[in-house]
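The values are calculated or read from the model by the stated rules, or taken from the named source; none is laboratory data. Computed from a predicted model, the values in this text were never measured in an experiment. Heads up, the Cβs are rebuilt from the backbone with ideal geometry, glycines too, and the neighbour counts pull from every protein chain shown. Keep in mind that these areas ignore ligands, DNA and RNA; they rest on the heavy atoms of the full protein, side chains included. Shrake-Rupley method; radii C 1.70, N 1.55, O 1.52, S 1.80 Å.
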Amino acid sequence: MADKTIFSQILNGEIDCDEIYQDKKCLVFKDIDPQAPVHFLIIPRKPLVSLKEATDADTELLGHLLLVSAKVAKQEGLESWRTIINSGAEAGQTVFHLHLHVLGGRSLSWPPG
C-alpha cells in the first residue's frame, strides 16, 4: 500500500489539480511541470506504489489505465504521444503512487534519458 503522497492528497480532494478526465478507476490531470506542450498524468484510485508492486489482480486496472491514456491523448488533440511509467527512484519515479505520464505535442527524442 502506498504511503500518503501528493497523489493520494489529490484523490482525497485535499489538493487541487487541473483535472481533464476521471472515472471510477482513475483520475487524469495536467502535470504541474510539463515536459511537452501536452503532458498529463493518469493515477489509479487504487494506491499502488509502482508497477513492480502490481499483481495479476491488477491486470484489468493496468489495461484500463493504458486505454485511458489513448482516449485522453486523442481528446487532447494528439496524433502521436509517449506513455511513460517510471518504477523506482533510479528510473525517475519521484511520487511513489503508480502513475502514467503522457507527453506529446512536439517531436520526442530517443533515448529519453
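Against the chain, whose longest principal axis comes from its Cα atoms, helix 59-75 is set at around 30 degrees. The GNM of the chain, with springs linking C-alpha atoms under 10 angstrom apart, assigns the highest mean-square fluctuation among Ala73, Ala91, Ala54 to Ala91.
Sorted largest first, the principal axis extents computed over the alpha-carbon atoms of the chain equal 36, 29, 26 Å. Counting only protein heavy atoms and using a 1.4 Å probe, what share of the accessible area of the chain belongs to carbon plus sulfur, as a whole percent? Carbon and sulfur: 53 percent of the exposed surface of the chain. Summed over the residues of the chain and divided among them, the accessible surface reaches 60 Å² per residue at a probe radius of 1.4 Å.
A 1.4 Å probe over all protein chains sorts Cys17, Cys26 by accessible area into Cys17, Cys26, starting with the largest. Between the amide H of Leu27 and those of Ile43, Arg45, distances stay under 5 Å, these residues lying 5 or more places away or on another chain, with hydrogens modeled in the peptide plane.
Pairs of Cα atoms nearer than 8 Å and 6+ residues apart set the relative contact order; for the chain it is 31 percent. If R0 is taken as 22 Å, the Cβ-Cβ distance between Asn12 and Ile84 corresponds to a FRET efficiency of 0.30.
Per residue, the chain reaches -6000 deg cm²/dmol at 222 nm when only DSSP H runs of four or more residues are counted, each adding -39500 (n - 2.57).
The region of the chain that goes longest without hitting one of the GluC sites (Glu not before Pro) in a DSSP loop, each with at most 13 other Cβ atoms within 10 Å, is 15-78.
In the chain, the sites counted are trypsin sites (Lys or Arg not before Pro) in DSSP loop states with at most 11 other Cβ atoms within 10 Å, and the longest stretch holding none of them, exclusive of the sites, is 25-105. Taking a ≥ b ≥ c as the square roots of the Cα gyration tensor eigenvalues, segment 40-87 comes out prolate, since a/c reaches at least 1.5 and a/b is larger than b/c. The mean sequence distance of close C-alpha pairs (under 8 Å, at least 6 residues apart), as a share of the length of segment 1-54, puts its relative contact order at 32 percent. Distance between the pseudo-spin-label points of Val95 and Lys24 (7 Å out from Cα toward the beta carbon): 2.4 nm.
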